[in-house]
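Read the structure below first, then the notes.
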Amino acid sequence: MEIYLDYNATAPLMPAARAAVVAGLDLLNASSVHGPGRAARAAVTAARNITAEYMSVRPAQIVFTSSATEALVTALRGAAVQGYFMSSVEHEAVRATVQPLPNFFVVPTDENGVINLETLSAVLQKSAAPILVAVQFANNETGVIQPIAEAMKICRKYGALLLVDAVQAVGRIDIAPLQGADITVISTHKMGGPKGAAALVLREGLAITPLLTGGGQEERRRAGTENVAAIMGMGAAIEHISDSLNVMLQVARWRDQMEKEILAAAPQIKMFGQNTPRIANTSMMALPGAAASTQLMNLDLAGIAVSSGSACSSGKVGPSHVLSAMGAPPDAASAAIRVSGGWASTAKDFAHFTQVYLDMVKRFA
Ligand code: PLP
């Protein structure tokens with residue numbers, strides 16, 4: 001039995017998104033002025049309109065990119081600021097871009113992984129230079145949701161730009177709190193669209209220096225021929241977001257039941273983020289003393305695809321910076337695995353995982 005519970009890495013492609021991608025593969029260059037070019041442009045425009053409507057912005061505020069990483073790096077390198085504040089649980093794309101910069105500050109989180117807004121306020125109050133603040137909407141490892149509306153108020157008060165990495169929020173929760181954010185980044189492969197398309201959403205009138213220079217695509221904000229097929233797939237996936245949100249109501253029940261059964265049978269397991277709002281599809285659980293990589297291998301052998309939340313290079317899993325930021329001791333931070341469901345998940349997936357996981361826990365005892 002193959003079980004896929006790694007939607008926070010990439011969600012399976014939705015049939016409608018696949019159909020849109022396949023149709024898009026035959027389209028030509030969206031910048032060409034001839035008939036076939038205009039047909040490709042019309043397809044990109046349709047996807048832009050769908051994306052803009054979903055984000056409650058104007059189509060011109062959407063800049064299509066190749067990935068969320070590209071969109072985040074464009075925002076971080078291209079915004080006219082002189083300092084960077086980020087939460088301690090940001091994705092590696094933000095951390096690795098901000099850390100080499102001369103003027104950055106990491107805003108701590110509490111033991112639930114929620115950003116400390118008092119610290120954010122205090123450091124912004126002291127800063128004379130224009131600052132960009134990066135706060136993700138939902139964490140990719142724990143699913144913990146950040147108080148974006150409150151962070152936005154603080155940023156406004158002190159004239160800072162707020163960049164919200166909303167990659168894991170799309171298709172999982174209502175994105176209304178994003179309204180008014182200066183810069184938002186969304187991606188499509190986490191919600192059932194293809195890899196190869198994402199969007200940088202800019203507040204009206206906010207100019208950024210492009211990361212990729214060259215042609216005049218995306219109103220001179222991102223050079224390079226648009227990936228028409230992936231962008232069409234993104235539009236199709238966004239059109240199905242309300243279905244995904246409905247599925248989340250069930251996924252929440254299955255996830256909660258899984259966590260309850262696991263904790264009842266194995267109280268030594270540490271579940272992260274249970275005491276604070278989380279996206280409904282994600283569980284991060286640690287089996288102290290058992291390396292995450294060994295657990296992943298065991299589960300893989302049993303036909304279950306899950307991840308460790310932490311960056312994984314050459315098969316080596318290090319301690320999670322997110323869990324460390326939440327104060328988890330190293331033996332827990334390097335022993336945590338992430339279970340994440342989504343639009344095609346079933347009750348059986350979670351029930352089967354629970355059984356196999358608990359069998360594994362017994363073997364490690
Ligand atoms: N931000 C978050 C919260 C993510 O989960 C990811 C992907 O895991 C990214 C950014 C980067 O997305 P991509 O790898 O598609 O560029």
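Over all Cα pairs of the range 27-99, how is the pair count split among 10 Å bins, expressed in % and running from 0 up to the last occupied bin?
Calculated P(r), rounded to whole percents: 17, 33, 31, 15, 4.
Along the positive direction of the dipole of the range 15-239 (beta-carbon charges: Lys, Arg +1; Asp, Glu -1; about the Cα centre), which of His91, Ala207, Pro130 reaches farthest?
Of the options given, the answer is Ala207.
Return the FRET efficiency for the residue pair Gln355, Glu111: r is the Cβ-Cβ distance, R0 is 25 Å, and the value is rounded to the nearest 0.05.
Numbers: r = 30 Å, r/R0 = 1.20.
Computed FRET efficiency for Gln355 and Glu111 comes out at 0.25.
Work out the FRET efficiency for Glu261 and Tyr158 from their Cβ-Cβ distance, taking R0 = 45 Å, and round it to the nearest 0.05. List each step's numbers first, then the result.
Values: r = 46 Å, r/R0 = 1.02.
The computed FRET efficiency comes out at 0.45.
Scattering from the C-alpha atoms of the range 53-139 alone, worked out with Debye: what is log10 I(q)/I(0) at q = 0.18, 0.25 1/Å?
Taking Cα atoms of the range 53-139 as identical point scatterers yields -0.87, -1.29.
Note down the magnitude of the dipole of the range 92-171 about its Cα centre, charges +1 on Lys and Arg C-beta and -1 on Asp and Glu C-beta and zero elsewhere, to the nearest 20 debye. Could you put the intermediate results ahead of the total?
Working: 5 positive and 7 negative charges, 84 e Å.
The calculated dipole for the range 92-171 is roughly 400 debye.
Of all the accessible heavy-atom surface of the range 144-277, with the other protein chains kept in place and a 1.4 Å probe, what percent is carbon and sulfur? Mind showing how you got there, number by number?
On the way: 2790 of 5490 Å².
Ligands and nucleic acids excluded, carbon and sulfur give 51 percent.
Counting DSSP beta bridges with both partners in the chain, what percentage is antiparallel, nearest 5?
Values: 22 of 41 bridges.
Percentage antiparallel, nearest 5: 55.
Projected onto the charge dipole of the chain (+1 at Lys/Arg Cβ, -1 at Asp/Glu Cβ, origin at the Cα centre), which of Ala181, Asn298, Leu263 gives the Cα projection farthest towards the positive end?
Ala181
Just list whichever of Lys260/Lys362; Lys190/Lys270; Lys126/Lys270; Lys190/Lys348 have alpha carbons separated by over 28 Å in the model shown. Walk me through the intermediate numbers first.
Working: Lys260/Lys362 17 Å; Lys190/Lys270 26 Å; Lys126/Lys270 38 Å; Lys190/Lys348 21 Å.
The pairs that break the limit, which is 28 Å between Cα atoms, are Lys126/Lys270.
Rounded to the nearest 10 degrees, what's the angle between the helix 228-239 long axis and the longest principal axis of the chain, both from Cα atoms, 0 to 90?
With rounding to tens, the tilt is 60 degrees.
Calculate the tail of P(r) for the chain: the fraction of all Cα-Cα distances greater than 31 Å, expressed in %.
Numbers: 23710 of 66430 pairs.
Cα-Cα pairs of the chain separated by over 31 Å account for 36 percent.
For the range 108-261, what does the alpha-carbon gyration tensor say about shape, rounded, prolate or oblate, given a ≥ b ≥ c as the root eigenvalues, a/c under 1.5 as rounded, and a/b over b/c as prolate? All intermediate terms of the calculation are to be shown ahead of the outcome.
On the way: a/c = 2.40, a/b = 1.03, b/c = 2.34.
Verdict is oblate for the range 108-261.
Provide the gained length on full extension for the span Thr294 to Leu25, in nm with one decimal, where the gain is 0.36 nm per separating residue minus the Cα-Cα distance.
On the way: separation 269, 0.36 × 269 = 96.84 nm, distance 4.00 nm.
Value of the extension gain: 92.8 nm.
Within the range 212-233, which residues have the backbone N less than 18 Å from the label spot 7 Å out from Ala46 along Cα→beta-carbon, could you tell me?
Output list for this probe position: 226-233.
Rounded to the nearest 20 Debye, what is the dipole magnitude of the range 15-239 about its Cα centre when Lys and Arg each give +1 and Asp and Glu each give -1 at the C-beta?
On the way: 18 positive and 18 negative charges, 114 e Å.
Dipole of the range 15-239, to the nearest 20 debye: 540 debye.
Measure nothing but the geometry: give the 0 to 90° angle between the long axis through the Cα atoms of 117-126 and the longest principal axis through the Cα atoms of the chain, rounded to 10°.
Between the helix axis and the principal axis of the chain, the angle is about 40 degrees.
Compute the Cα gyration tensor for the range 182-333, then decide on rounded, prolate or oblate, letting a ≥ b ≥ c be the square roots of its eigenvalues: rounded whenever a/c is under 1.5, prolate when a/b is larger than b/c in the other cases, and oblate in all that remain. Mind showing how you got there, number by number?
On the way: a/c = 2.21, a/b = 1.83, b/c = 1.21.
Prolate.
Arrange the residues Val164, Val22 by how much accessible surface each exposes, largest first, with a 1.4 angstrom probe. Could the numbers behind the result be given before it?
Details: Val164 0, Val22 85 Å².
Largest to smallest exposure gives the sequence Val22, Val164.
Quick one: helix 68-78 against the long Cα principal axis of the chain, what's the angle to the nearest 10°, folded into 0 to 90?
60 degrees
Taking the dipole about the Cα centre of the chain, with the C-beta of Lys and Arg at +1 and of Asp and Glu at -1, give me whichever of Asn8, Gly233, Ser308 is farthest to the positive side.
Highest projection toward the positive end goes to Gly233.
Need the full-extension length gain, Leu212 to Asn275, defined as separation in residues times 0.36 nm minus the C-alpha distance. One decimal, nm. Write down the numbers at each step before the final one.
On the way: separation 63, 0.36 × 63 = 22.68 nm, distance 4.16 nm.
The Leu212-Asn275 span can extend by a further 18.5 nm.
The values are calculated or read from the model by the stated rules, or taken from the named source; none is laboratory data. Computed from a predicted structure; not experimentally measured. Heads up, the Cβs are rebuilt from the backbone with ideal geometry, glycines too, and the neighbour counts pull from every protein chain shown. We work out accessible area using only protein heavy atoms, side chains counted, and drop any ligands, DNA or RNA first. Shrake-Rupley method; radii C 1.70, N 1.55, O 1.52, S 1.80 Å.
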